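> I am attaching a structure below and will ask some questions about it afterwards.
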Amino acid sequence: MRLLTIAGSDSGGGAGVQADLKTFLALRAHGMTAITAVTAQNTTDVESVYALPADVVGAQIDAVAGDIGVDAVKTGMMPTAEIVIAVAERIEALACPAVVDPVLRSSSGVTLTPPSARDALVERLLPLATVCTPNLAEARILAADATLDAPAAAVALRDLGAGAAIVTGGAEGAPDWCCDERGHLEPVGGDTVISGADHGTGCTHAAALAVALARGESVVRAARFARGVTAAALAAGAEQIGAGHGPLGHHTLIGEDAGIATGAGRAAG
Ligand code: PXL
């Protein structure tokens, strides 16, 4: 499988394209990258953000799509509205499953997708999403309704144009809530792992989801797979790396993903 992540670089190796590539490798997919921004960060803070020009982001996508091909795409940090527009034009042409992870802020509170880019994301990228994967805080911001609970937020995101939505809840010890491609609402439970090595959790979840969709899984089965992958990588996280939030342990997934339940059978292949 050929997976493309369109996201920011995390110099600390915990989140962003680095987490995506590690997830793709561990799940035996070929990972490709279109970098939207270079962040200087570590386990404690994002020290600076440099957004790439939109045409440079577009050129990375064109280069790999033209030669290698893309079975599924995953988006993360979108630092400017211009980048969102360049990405949306390409995703429309790719015509493959698309996971849109609306990364708004780093865990340390730094804005990664500012309001102008966020508005463009809702308008241009959400309607192209096979699945959108906010946490509850992100979903409430995107839907402009701070009163939503997770199931209602999943429905609201789908009403905004996403083909399906998964509101992740693992960080709060809650299930994920999936509003699937038919509008069917379902909790996706499983292990909740609370760990100090949790930097890149959302990226890992969305990347695993993209792999399952590339393999032809339904949204609900892909959601179960992604939840299992994320819990396993969290449980193997490296709390001793850095003074802050350490990275997940993607190595534990290698050769193991066939055993992670999707609900029926396996997602590997
Ligand atoms: O985890 C969200 C995220 C995504 N992408 C980049 C990040 C972060 C969090 O810090 O830095 C580049």
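The values are calculated or read from the model by the stated rules, or taken from the named source; none is laboratory data. All of these numbers come straight from a predicted model, not from anything done at the bench. Because the Cβ atoms are built from the backbone with ideal geometry, glycine has one as well, and the counts that use them run over all protein chains shown. Note: areas computed on protein heavy atoms with side chains; ligands, DNA, RNA excluded. Shrake-Rupley method; radii C 1.70, N 1.55, O 1.52, S 1.80 Å.
> Quick check: Cα centre of the stretch 191-213 to Cα centre of the stretch 156-172, how many Å?
First find each Cα centre; the distance between them is then 15 Å.
> In nm, to one decimal, how far is the Leu25 label point from the Thr147 one, both placed 7 Å along Cα→Cβ?
Those two pseudo-labels are separated by 4.8 nm.
> Hey, any idea what the orientation-averaged projected area of the convex hull of the stretch 11-111's Cα atoms comes to, in nm²?
Averaging across all directions leaves 6.3 nm² for the Cα convex hull.
> Tell me, what is the 1.4 Å probe accessible area of Asp71, in Å² to the nearest 10?
Asp71 has an accessible surface of roughly 40 Å² with all protein chains in place.
> Over the chain, with every protein chain in place, what whole percent of the accessible area is carbon and sulfur at 1.4 Å, could you tell me?
Carbon and sulfur: 54 percent of the exposed surface of the chain.
> Accessible area per residue, 1.4 Å probe, Å², for the chain: what's the number?
Result: 39 Å² per residue.
> Sort Met78, Met1 from largest to smallest accessible area, using a 1.4 Å probe on the heavy atoms of the protein chains.
Result, largest first: Met1, Met78.
> Evaluate the Debye formula for the stretch 2-253 with equal point scatterers sitting on the alpha carbons, no solvent, and hand back log10 of I(q)/I(0) at q = 0.11 Å⁻¹, in q order, two decimals.
Log-scaled intensity ratios, in q order: -0.49.
> Extension gain Ile68-Thr252, at 0.36 nm per residue separation less the Cα-Cα distance, in nm?
Length gained between Ile68 and Thr252: 63.5 nm.
> Still on this model: Would you calculate a helix-derived [θ] at 222 nm for the chain, using -39,500 (n - 2.57) for each DSSP H run of n ≥ 4 and dividing by the full residue count, to the nearest 500?
Value at 222 nm, helices only, nearest 500: -11000 deg cm²/dmol.
> Further, regarding this structure: Of all DSSP beta bridges located in the chain, what percent are antiparallel, nearest 5?
40
> Turning to a different aspect of this structure: Could you list which residues have their amide H under 5 Å from that of Ala34, counting only those 5 or more apart in sequence or on another chain, with H placed in the peptide plane?
Thr5, Ile6, Ala7
> Check every DSSP H run in the chain and write down those whose alpha carbon atoms cover 15 angstrom or more along the long axis and whose mean Kyte-Doolittle hydropathy is -0.5 or greater.
Helices passing the filter in the chain: 16-26, 54-67, 81-94, 201-214, 219-235.
> Now for a separate question. With an 8 Å Cα cut-off and a minimum separation of 6 or more residues, compute the relative contact order for the stretch 2-253 in percent.
The normalised contact order for the stretch 2-253 reaches 18 percent.
> State the extension gain, in nm to one decimal, for the chain segment bounded by Glu92 and His184, taking 0.36 nm per residue of separation less the distance between their alpha-carbons.
30.6 nm
> Okay, moving on. May I have the convex hull volume per residue, in Å³, for the Cα set of the stretch 172-245?
In the stretch 172-245, the Cα hull volume divided by residue count equals 82 Å³.
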